[in-house]
Ligand code: G6P
């Protein structure tokens with residue numbers, strides 16, 4: 001969603017702001033703009049579309065100045081247009097504001113301001129912010145900070161703001177209330193940004209603003225206050241990421257790079273969370289063994305790809321811990337009046353740790369006095385801070401909008417967690433745990449093998465990419481794989497794709513199958529009857545002349561004989577097969593998107609981190 005950057009220092013701000021915006025492109029946007037302070041005035045440049053349009057405009061009419069803000073907008077209120085692009089100004093052009101989030105009461109504020117004579121130029125909720133600050137100044141607020149505090153007290157909703165004012169040519173203001181914002185501390189210069197990758201090249205120390213905090217930033221000092229004006233002491237943290245972590249490292253896209261990072265990410269998780277005896281090591285998780293023993297129920301909440309990880313977590317946890325496990329989408333859970341009590345552990349899964357519906361669900365769970373364990377990738381994120389315990393997936397920044405390495409890391413986290421809880425609850429005997437962990441150790445090599453096969457996967461994708469629709473089928477552990485494979489395909493190739501539990505196919509999707517319909521069947525070997533059932537489902541597709549693509553284990557000629565095309569993957573333990581199988585489907589979607597010529601890292605209309613409902 002929208003990206004905010006800001007700069008105060010000695011250098012020319014425009015190129016640094018543009019660099020920051022480029023590093024936030026992954027969040028998704030449809031217009032962009034900058035505002036710089038120069039010679040007592042504010043100059044603004046905004047364009048619809050990709051950042052290159054803004055770059056071209058700046059090349060024609062450069063903006064000067066050492067203090068400024070920049071923004072990439074993902075339209076919520078009002079279409080993507082130059083007028084609706086940020087920054088937004090007050091009526092005299094003395095205050096410029098960039099905003100991420102939603103001002104929920106903007107219509108009433110807008111009506112009130114219109115009654116006072118304000119003429120709004122955009123359709124956005126954001127424009128009320130500079131107008132409110134202007135109004136407070138008119139009404140006699142002695143300083144900008146006082147005007148700002150009074151204006152902020154009128155806003156409802158979730159937001160992060162970056163603000164500059166022509167009357168304070170050396171200052172940048174930053175506000176956080178529900179949407180993430182960080183301050184990056186460089187050498188004699190300071191940045192603000194929605195996310196760390198925007199500042200990685202120039203700042204190695206950051207302050208994570210907390211909800212209800214604002215910062216007044218000057219080149220030589222930073223003051224942080226609560227929104228009521230009281231001063232707070234900032235906590236400065238070192239960033240342990242290298243700038244290269246947010247670069248493509250020779251790959252044509254971030255997504256392809258991230259797909260290739262998966263073996264390393266999983267190896268890292270095993271290294272950090274398995275002890276010398278081959279048992280899970282999660283003692284630092286923050287939840288005691290006693291707690292896991294008395295636990296009765298688990299509820300997993302998440303959105304998007306993380307929801308598919310939750311579905312996998314449910315099957316696995318139920319299989320190995322004996323606990324009753326439910327899953328829900330964040331956007332449903334928060335409104336359905338869930339019956340959860342203290343004996344329920346709520347597990348929130350989120351790459352970013354900033355997804356609005358997931359956070360709201362966690363807050364609801366905490367109000368009901370449940371413990372919250374999050375599986376999260378971003379240290380310092382809101383989710384990480386608000387959880388009782390966090391399992392960090394440690395993938396490094398995931399920049400491609402379509403999630404890949406974060407997903408397989410979430411699955412891996414569930415394996416380690418399930419083994420840990422299963423052992424404590426004595427549902428899993430130690431030999432079985434060491435087998436599971438040994439199986440997990442074999443997964444990175446199995447993924448390498450799939451990656452090595454990418455040319456043949458590309459050929460299959462190129463052959464089938466041009467139909468209007470495709471169907472993905474799987475069962476048990478690989479039912480979530482089918483959903484996630486279909487999601488990857490539609491997200492980046494824009495081909496309609498539907499994921500289904502294979503046994504449910506007869507209840508609807510079978511009506512769609514004809515000789516043009518690619519049906520991707522995940523049929524890796526399992527030790528129970530699911531494999532035979534999957535073969536029956538494939539036969540049902542065959543009988544209707546569907547174009548069968550199977551994901552099968554090496555050497556499985558029986559399944560191969562049923563298919564038009566086969567993607568072979570190495571055999572790993574049943575429970576772990578989704579971690580390997582999804583990599584084949586990520587590549588299939590990737591090359592379908594390549595064949596269809598889409599913008600793979602920044603698919604249309606999607607945002608990396610959905611910080612509004
Ligand atoms: C967006 C992203 C998805 C992601 C989902 C949940 O829709 O495009 O890739 O799975 O949000 O995000 P989270 O950060 O909570 O995992």
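Throughout, read-outs are computed from the coordinates displayed, never taken from laboratory work. Remember, predicted model here, so these are calculated numbers, not experimental data. Positions of Cβ are generated from backbone atoms using ideal geometry, with glycine treated the same way; all protein chains shown enter the neighbour counts.
Summary of values
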read-out: Theoretical gain in end-to-end length, residue 53 to residue 596 [0.36 nm per residue, Cα-Cα removed]; value: 193.1 nm
read-out: Highest average packing first - 171-179, 260-268, 448-456, 318-326, Cβ atoms within 10 Å; value: 171-179, 260-268, 318-326, 448-456
read-out: Relative exposure of 333, 392, judged by other C-beta atoms within 10 Å (fewest first); value: 392, 333
read-out: Relative contact order (percent, whole number), the stretch 248-450, Cα cutoff 8 Å, 6+ residue spacing; value: 29
read-out: Highest average packing first - 509-517, 473-481, Cβ atoms within 10 Å; value: 473-481, 509-517
read-out: Helix-only [θ]222 nm of the chain, DSSP H runs n ≥ 4, -39500 (n - 2.57) each, per residue, nearest 500; value: -11000 deg cm²/dmol
read-out: Computed label-point distance, nm, for sites residue 426 and residue 237 using a 7 Å Cα→Cβ extension; value: 3.9
read-out: Whether the chain is rounded, prolate or oblate, judged on the alpha carbon gyration tensor where a/c under 1.5 counts as rounded; value: prolate
read-out: Principal-axis tilt of helix 405-424 within the chain, Cα atoms, nearest 10 degrees; value: 60
read-out: Relative contact order of the chain, defined on C-alpha pairs under 8 angstrom at six or more residues apart (%); value: 12
read-out: Degrees separating the helix 106-115 axis from the principal Cα axis of the chain, which is the longest one; value: 20
read-out: Peptides 277-284, 11-18, 530-537 ordered by average Cβ neighbours within 10 Å, highest first; value: 11-18, 530-537, 277-284
read-out: Footprinting exposure proxy for 254, 568 (fewest neighbouring C-beta atoms within 10 Å first); value: 568, 254
read-out: On Cα atoms only, tilt of 479-493 relative to the major axis of the chain in degrees; value: 50
read-out: Contact order relative to length of the stretch 293-405, as percent, for alpha carbon pairs under 8 angstrom and 6 or more apart; value: 24
read-out: Mean-position separation - Cα centroids, the stretch 139-182 and the stretch 421-444, in angstrom; value: 52
read-out: For the stretch 248-450: rounded, prolate or oblate by the Cα gyration tensor [a/c cutoff 1.5]; value: oblate
